[in-house]
1. Give me the residue from segment B:155-184 that is surrounded by fewer than 16 Cβ atoms within 10 Å (Cβ to Cβ) and β-branched (Val, Ile, Thr) and, out of that set, nearest to B:HIS41 (Cα to Cα).
2. Could you please give the count of residues in segment A:21-38 that are under 30 Å from A:GLU258 (Cβ atoms) and more than 13 Å from every other protein chain (Cβ to nearest Cβ)?
3. So, in segment A:240-260, exactly how many residues are out of contact with any helix residue (DSSP H, G or I) (no Cβ under 7 Å at 6 or more places or on another chain) and over 18 Å from B:PRO250 (Cβ atoms)?
4. Just wondering, is there one or more residues in segment B:259-269 that are in a loop (DSSP other than H, G, I, E, B), touching a Lys or Arg at 6+ places or on another chain (Cβ under 6 Å) and surrounded by fewer than 21 Cβ atoms within 10 Å (Cβ to Cβ)?
5. Of the residues B:ALA238, B:ALA245, B:ALA173, which single one is aliphatic (A, V, I, L, M) and in contact with an Asp or Glu (Cβ under 9 Å, 6 or more places away or on another chain)?
6. On the given criteria, is B:TYR240 hydroxyl-bearing (Ser, Thr, Tyr), within 14 Å of chain A (Cβ to nearest Cβ) and either within 24 Å of the chain's Cα centre (by Cα) or in a helix (DSSP H, G or I) (or both)?
7. So for segment B:12-27 (the condition being surrounded by 15 or more Cβ atoms within 10 Å (Cβ to Cβ), part of a loop (DSSP other than H, G, I, E, B) and modelled with pLDDT of 95 or more), does at least one residue qualify?
8. Residues B:THR234, B:THR195: which one is polar (S, T, N, Q) and surrounded by fewer than 20 Cβ atoms within 10 Å (Cβ to Cβ)?
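The values are calculated or read from the model by the stated rules, or taken from the named source; none is laboratory data. Model, not experiment: these values are computed from the prediction. Glycine gets a Cβ as well: all are built from the backbone with ideal geometry, and neighbour counts include every protein chain shown.
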Number of protein chains: 2
Amino acid sequence: MTAASLALLSSPVEPAGRLLSPDELEAALRDIGARRYHNLHPFHRLLHDGKLDKDQVRAWALNRYYYQAMIPVKDATLLARLPDAALRRIWRQRIVDHDGDHEGDGGIERWLKLAEGVGFDRDYVLSTTGILSATRFSVEAYVHFVGQRSLLEAVASSLTEMFSPTIISERVAGMLKNYDFITRETLAYFDKRLTQAPRDADFALDYVKRHATTPELQAQALAALRFKCSVLWTQLDALYFAYVAPGMIPPDAWRPGEGLRADFVGSPA
Amino acid sequence: MTAASLALLSSPVEPAGRLLSPDELEAALRDIGARRYHNLHPFHRLLHDGKLDKDQVRAWALNRYYYQAMIPVKDATLLARLPDAALRRIWRQRIVDHDGDHEGDGGIERWLKLAEGVGFDRDYVLSTTGILSATRFSVEAYVHFVGQRSLLEAVASSLTEMFSPTIISERVAGMLKNYDFITRETLAYFDKRLTQAPRDADFALDYVKRHATTPELQAQALAALRFKCSVLWTQLDALYFAYVAPGMIPPDAWRPGEGLRADFVGSPA
């Protein structure tokens with residue numbers, strides 16, 4: 001693919017202004033989160049406030065699995081581009097966290113437990129046959145971005161993790177309080193992320209602050225974080241459209257009742 | 001990227017059955033169109049029946065521009081993979097059709113005329129800053145698919161053109177009848193496509209029928225066409241969600257009133 005077509009294959013970067021200090025850059029990054037992170041999306045507000053029914057929570061768990069499953073692929077793509085062992089030693093921990101150290105361990109496994117906890121058959125979730133195409137395309141856009149853009153942009157696109165402790169706390173408290181079919185064990189994925197995400201985000205933020213040393217590079221880093229916010233936002237747009245309102249499920253996407261564990265089939269939604 | 005991760009980065013392929021005859025394969029491909037082509041999408045029904053307001057038609061024209069603009073990039077990606085001059089001579093005509101022979105010529109230019117005809121400033125459309133992220137991710141998924149999957153799958157993914165004469169006829173007749181701000185000149189893009197698309201589709205269909213010679217290859221070709229239908233469908237899902245119902249425009253996407261020609265600003269929607 002040519003440089004020109006790759007440039008078109010990208011989120012627009014706003015014109016660069018003056019050089020920001022590292023602290024100003026951090027503030028600008030945090031401001032993006034304050035305005036565009038997906039904790040602000042109406043779907044998450046419904047999820048956390050207990051306003052979704054069990055099938056809508058299932059749709060969220062099923063689709064989000066694909067995002068979880070591709071995170072180590074994204075991180076391995078980035079790992080392959082890191083130029084030295086010291087950086088790679090740090091970044092590879094993300095892959096360990098998601099893939100685990102043995103069968104039954106790791107973040108992907110914990111998300112599968114969440115999906116099973118809300119009623120899904122494990123193999124159905126693993127197959128990803130029921131996810132929305134919009135989920136697939138959004139997640140793949142993220143993987144391609146990390147493989148094709150500069151290393152600075154690839155690292156900066158991970159910085160949504162700066163904002164995740166807030167949403168995780170809201171989510172776990174809200175879901176445990178509002179849904180009788182959700183247990184603390186089902187949500188074990190998020191317990192681990194409360195310590196993993198800030199550790200990862202601290203490193204990535206420091207990297208971005210040290211490497212975004214011109215107005216142009218700072219503009220690229222900010223645009224990369226906006227891009228990543230869009231990756232998360234579009235997934236919730238698609239869930240809302242298909243399963244909340246207007247509720248138009250695309251051809252081939254999961255429909256309530258499909259893919260459930262044998263002991264859940266026929267139990268009331 | 002590894003073969004395993006690329007396999008995950010793809011639409012699931014259904015298990016292959018028995019070998020179909022070429023005519024049966026064509027019938028199976030046409031059946032996919034009959035059930036999943038985007039003429040069936042509620043957004044298109046509203047568009048063609050005159051049920052959208054001018055701003056909703058603008059949102060469609062603006063977003064669809066990105067698809068049009070990337071089609072020659074997609075076709076150049078495929079061209080680069082064709083092994084002989086005879087095939088390349090035929091496929092390159094698609095690029096000529098879209099890019100034209102001189103400034104002001106070609107399908108992309110005609111789509112820009114359509115966007116200008118409904119009120120947009122040309123440079124705003126060219127910038128693609130106002131398109132939905134879901135549009136961007138869907139279109140890019142198509143370009144990546146054509147670059148990464150087998151040549152048979154890449155060619156098969158173009159076969160939605162088999163179904164386009166029907167939708168174009170419906171669209172042109174419906175839009176001219178129902179919208180007083182639409183002229184035949186604005187819709188000139190579609191006149192050309194009525195002859196170009198069937199010529200292109202005939203060649204691609206013949207290629208697929210001759211090269212899909214095992215049940216596995218036939219299953220791949222069918223899955224590629226389903227994938228492409230999803231690429232088109234998700235774009236309309238996102239338009240419907242943002243601009244029809246529930247009407248939740250994502251951060252940064254075009255909002256009515258933005259990006260219009262100076263002589264349209266302030267004119268009633």
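1. B:THR166
2. The number of residues fulfilling the criteria is 0.
3. Going through segment A:240-260 one residue at a time, the tally reaches 6.
4. yes
5. B:ALA238
6. yes
7. yes
8. From the options B:THR234, B:THR195, the qualifying one is B:THR195.
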